[in-house]
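These notes concern the structure reproduced below.
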Amino acid sequence: MQTVQPRSLPLRLPRVRPGGVLPILAILAVLLVLVGIRQPDFLAPQSLMSFLGRSAPIILLAAGQYFVIVSGEFDLSVGSLVTAQVVVAARLIDSDPARTWPVVLLLLAFGALVGLVNGLITTRLRVPSFITTLGMFLILVGAVYLWSDGAPKGGLSEEFRRFGRRAFEDVPVLGRVPYALLVLVVLAVAAVLLMRSDFGRTLVAVGDNPRTAELSGVRVWRTRTFAFILSGLAAAVAAILLGGYSGVSFQAGAGLEFGAITAVVLGGVALGGGRGAVVGAMLGALTLELLFALMNFYGVSGALRSTVQGGIILLAVAVSATRSSSR
Amino acid sequence: MAAIAAVTLLSLTACATDEPAASPSGSASAATGSGTGDQSKFFVQADYDAELALLDAAPTGPADKPWEQVLNPTMVDTAKFKKNGPHKICFSNAALNNPWRQVGFKTMQAEVEAQKSRIKEFVHVDAEGKDQKQIADINDLLGKGCDALIVSPNTTATLTPAVEAACKAGLPVVVFDRGVNTKCPVTFINPIGGYGFGHVGAEFVSQKMKPGGKVLALRILPGVDVLETRWSAAKVAFDKAKVDVVGVEFTDGDPAKTKKIVDDYIQRYGTIDGVWMDAGAVAVAAVEAFQDAGKPVPPMNGEDQLDFLKIWKDKKLTAIAPTYPTYQWRTPIIAALRILDGQQVSSPWKLPQPTVTQDNLDQYLDAGMPPLHYAMCGCTDLPGYPQRWK
């Protein structure tokens, strides 16, 4: 029966562009409906705003991870980088409000530095990024432990914590707009603009085919290193928001690297690079958080979250692999 | 395609969870009615009864020095350990990996300094929370000419043979905090214990909360005896008070995770009417979760960490703080010196375990000390106070 049979065009589903954001929007919409059925209160502006504020760090990390993944690499170090930043911030600020801004700047510089080191080791020493960033992950975990004797010291000032904890009160209609949400919106817009610039196109081209990019005059190593720096910076901002939200914690960043990678994959970005949109990655993170919220409303144990994440990664990669091979 | 797949995944999870929705926590079973689940296998009724009786017992010893007091003393003879000083005292420490142990160890160091005319050398080895390292540490210390050995064991069963080997070496051994399964040490020092801690908090929460309200129980991790006893005593109290325990969750002692868990429960149930926890490290995170959600903070227990005492006073919480006093780190040094003098000591050496209540809160709240300091350190008369603890 497998004769040459012209496919009946009218019956074909609208073809979804690979790497587009339509699928993730559809999943998000379905989840919103499910949440609305189970817990209608959740969709009230007040609780929705607070949900978005709480999700800001993981969304930013997903954006940072997107830059690295779309250029064809991985960054497994972001979770431990977040933890390190929070612990360092607490020790340096030591509850002294005057040290808030210098420490914020230091954290950003530290994040960028870790990204730079990750990038240079990956591109110049040709160590696979999986190994580079895994090594960085372990180095940071050990260094934090050593530096703090295994127990957090000092404390974060209220001024530092307000970024992740406070909000503009009494905003018309919305109620309470968390600072974290504003930080997110500003940085999300910046990320989208960056991806529309020459740099963004180069980044995707590098991930799609580094050889071709190299031959057409792109300095691949520089582009990729810059992607790692962006990921480090995203981790620094996420650390500031997370530290603000929950205070000093040795597990502030535990597992965030996998959350970010899951979000990116869920957002339709191809592992291996070259395909996908930064908006997709950020929507992926939002969808993941919404899925966890839904699981919570249904009383699913929090312990299942990592299982669900693993399932999503495997499923999404498998789906995208079948799709691209059938192209 | 990805959408369909994800929705399938979601509906699978949703199906799997329809049933426990009535009793949400994985660890809570509906069978007992109050949601507290099965009793911990660490629960020993006789120990529980004994500890609860100790809560009301009158201690012997100087009232202003609870670290020298003993509840129901049974003295043992130590004449055979009598030795001329000054002494070399060695200490094998399980870990320094949490603020409680940090404060405790500083207190112990200060006690050593206060006794410096009688102690020529104090050797401290940190096992970094590893059983194997501590076994090796104890073995090493036996070859170092210590006059007395103090051990704070990392885990009970695994360290028992190492402590037995130390006893056989002939030097006096003092064990404190967590215990070992042998009577060979000269004495074992610890406060009343976990049942007392858990009971005090649970009884307060069930009495103060609105009748029929929902309680969330926060535990650090399962399987550690001192923490299991706290929870098992709380479970008995909650079952007796017929309180609706809607969740028993593990926080790993982490504020970030705690805040998320408490927030999840507030979102799921609209409100929570009481919070019990087996250790105070995450108390402030739990309070913040209610504040940030715009909900009143329900009756709860914490511990004697200053961040919690401060927020308790500032926000006028309905709270209580049972303690596992850090002053117990002074006692082993005092005990070791008494043993080396040939004086009788009590074995076991049960220390009183005070509770911070609304009435005595001001007495323990010292605004000058750092947030992670423990009020019950009994350290204000020691050399280097307060700088050493900052």
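The values are calculated or read from the model by the stated rules, or taken from the named source; none is laboratory data. Fair warning: this is a prediction, and the values are worked out from it, not measured in the lab. When we count neighbours, we look across all protein chains shown, and the Cβ atoms used for this are built from the backbone with ideal geometry, even at glycine. We work out accessible area using only protein heavy atoms, side chains counted, and drop any ligands, DNA or RNA first. Shrake-Rupley method; radii C 1.70, N 1.55, O 1.52, S 1.80 Å.
Just to be sure I understand: with springs between alpha-carbon atoms less than 10 Å apart, which residue in A:LEU314, A:LEU233, A:LEU108 has the highest mean-square fluctuation in the Gaussian network model of chain A?
A:LEU314
Which of the three applies to segment B:195-322, rounded, prolate or oblate, going by the alpha-carbon gyration tensor with a ≥ b ≥ c and a/c under 1.5 meaning rounded?
Rounded, because the longest to shortest axis ratio a/c is under 1.5.
Give me the 1.4 Å probe accessible area per residue for the protein assembly as shown, excluding ligands and nucleic acids, in Å².
42
Given H placed on each backbone N at 1.01 Å, which residues far from B:GLY274 in sequence or on other chains put an amide H within less than 5 Å of it?
Close amide H contacts, sequence-distant or interchain: B:LYS214, B:LEU216.
Need one word for segment A:95-146: rounded, prolate or oblate. Basis is the Cα gyration tensor (sqrt eigenvalues a ≥ b ≥ c); a/c below 1.5 gives rounded, then a/b vs b/c decides.
Judged from the Cα gyration tensor, segment A:95-146 comes out oblate (a/c at least 1.5, b/c at or above a/b).
Rounded to a whole number, what is D in µm²/s for segment B:68-208 from Stokes-Einstein with the Kirkwood radius over alpha-carbon pairs (4 °C, 1.567 mPa s)?
79
What list of ³J(HN,Hα) couplings, whole Hz, do you get for segment B:198-208 from phi and the Karplus terms 6.51, -1.76, 1.60, once you set θ to phi - 60° and write x for glycine and proline?
Using θ = phi - 60°, the values come out as x, 5, 4, x, 5, 5, 4, 4, 5, 6, 8 Hz.
Spelling out what I want: for every residue of segment B:97-113, take phi, set θ = phi - 60°, compute 6.51 cos²θ - 1.76 cosθ + 1.60 (Karplus), and round to whole Hz; glycine and proline get x.
Computed from phi, the couplings for segment B:97-113 are 8, 8, x, 4, 6, 5, 4, x, 5, 4, 4, 5, 4, 5, 4, 4, 5 Hz.
Please give the total accessible area that chains B and A bury against each other, computed with a 1.4 Å probe and expressed in Å² to the nearest 100.
Approximately 3200 Å² gets buried when B meets A.
If you keep only loop residues by DSSP, which trypsin sites (Lys or Arg not before Pro) in segment B:263-319 have at most 10 other Cβ atoms within 10 Å of their Cβ?
Taking segment B:263-319 and a limit of 10 other Cβ atoms within 10 Å, the loop trypsin sites (Lys or Arg not before Pro) found are B:LYS316.
In Å, what is the Rg of the alpha-carbon atoms in chain B, and how long is Dmax?
Rg and Dmax of chain B, Cα atoms, are 22.6, 82 Å.
Can you list residues from other chains, or at least 5 along the same chain, whose modelled amide H is less than 5 Å from the amide H of B:LEU96?
Result for B:LEU96 returns B:GLU128, B:GLY129.
Going Cα to Cα from B:LYS259, which aspartates and glutamates come in below 14 Å? Please leave out same-chain ones fewer than 8 positions away.
By straight Cα distance, B:LYS259 reaches B:GLU249, B:GLU288, B:ASP292.
Check A:ASP94: other-chain or 5+ apart residues with amide H under 5 Å from its amide H, H built from backbone geometry?
Sorted by chain and number, the residues that satisfy this are A:GLY155.
Any idea what log10 I(q)/I(0) is at q = 0.08, 0.10, 0.12 Å⁻¹ for the protein assembly as shown, Debye with uniform C-alpha scatterers and no solvent?
The calculated log intensity ratios at q = 0.08, 0.10, 0.12 Å⁻¹ are -0.70, -1.02, -1.31.
In the structure displayed, which of B:LYS235/B:LYS315; B:LYS106/B:LYS130; B:LYS41/B:LYS295; B:LYS260/B:LYS316 lie more than 26 Å apart, Cα to Cα?
B:LYS235/B:LYS315; B:LYS41/B:LYS295
What do you get for Rg/Rh of segment A:193-301 when both radii come from the Cα atoms and Rh is the Kirkwood radius?
1.06
Under 17 Å between alpha carbons, and skipping anything fewer than 8 positions from B:LYS350 in its own chain: which lysines qualify?
B:LYS65, B:LYS183
With +1 on the Cβ of every Lys and Arg and -1 on the Cβ of every Asp and Glu, and nothing else charged, how large is the dipole of chain A about its Cα centre, in debye rounded to the nearest 20?
Here chain A has a charge dipole of around 1000 debye.
Treating the beta-carbon of each Lys and Arg as +1 and of each Asp and Glu as -1, no other charges, what is the dipole magnitude of the protein assembly as shown about its Cα centre, to the nearest 20 debye?
2120
Provide the per-residue ³J(HN,Hα) series for segment B:239-256, in order, calculated from phi with Karplus coefficients 6.51, -1.76, 1.60 and θ = phi - 60°, each as a whole number of Hz, with x at glycine and proline positions.
Whole-Hz 3J(HN,Hα) from phi for segment B:239-256: 4, 5, 7, 6, 8, 8, 7, 7, x, 10, 10, 9, 10, 6, x, 9, x, 4.
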